[in-house]
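Worksheet for the structure shown next.
The values are calculated or read from the model by the stated rules, or taken from the named source; none is laboratory data. Please read all numbers here as calculations on a predicted model, not as lab measurements. Don't worry about glycine lacking a Cβ; one is built from the backbone with ideal geometry, like all the others, and counts go over all protein chains shown.
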Amino acid sequence: MRRVLGTSCERLGLGKSGVPGAMEPLVGGTPEAVPDRYALFSPTTHARPGCPPTLLIQGKDDVIAPVSATNLLFEQLGGAGVPAVNIVFPHAEHGFDLVLPRWSPAAQTAWYYQERFLALIV
């Protein structure tokens, strides 16, 4: 986390965890200790009819947010009748669009799909 966030890592309280994507510092405990907080924090808890159309874009090699969680959200949105698109880029990590976005094929493709999605829902 220090490598990714630099000095903000300590300020955000994320330097205490050696596991990328660990939520304990943000939520105030483990899922076993504070399950209600994790439920409130999870977008899957809030997937229901009436949610806005949703575009999900993620790198397959994301170590911060598991692809399985994104896939679950996509399934729950679809089950609730919410229009949703789920795009997973192979060989891409979390924040794949931050490193050289003008030359990154995944970043360019993400921009393309984002613009198309917005054009369809406006």
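Observations on the model:
- Search result, residues across the range 92-114 that are more than 20 Å from Ile64 (Cα to Cα) and part of a helix (DSSP H, G or I): Pro105, Gln108, Thr109, Trp111, Tyr112, Tyr113, Gln114
- Any hit, the range 99-115, residues being touching a helix residue (DSSP H, G or I) at 6+ places or on another chain (Cβ under 7 Å), surrounded by 14 or more Cβ atoms within 10 Å (Cβ to Cβ) and farther than 21 Å from Met23 by Cα: no
- One residue stands out among those in the range 8-30 that are part of a helix (DSSP H, G or I) and of a type outside the set (D, E, K, R): the one that is modelled with the highest pLDDT, which is Val27.
- Flag if Thr109 is out of contact with any Leu (no Cβ under 8 Å at 6 or more places or on another chain) and of a type in the set (S, T, N, Q): yes
- Top-ranked residue of the range 31-90 - restricted to ones that are acidic (Asp, Glu) and assigned to a helix (DSSP H, G or I), ranked as surrounded by the most Cβ atoms within 10 Å (Cβ to Cβ): Glu75
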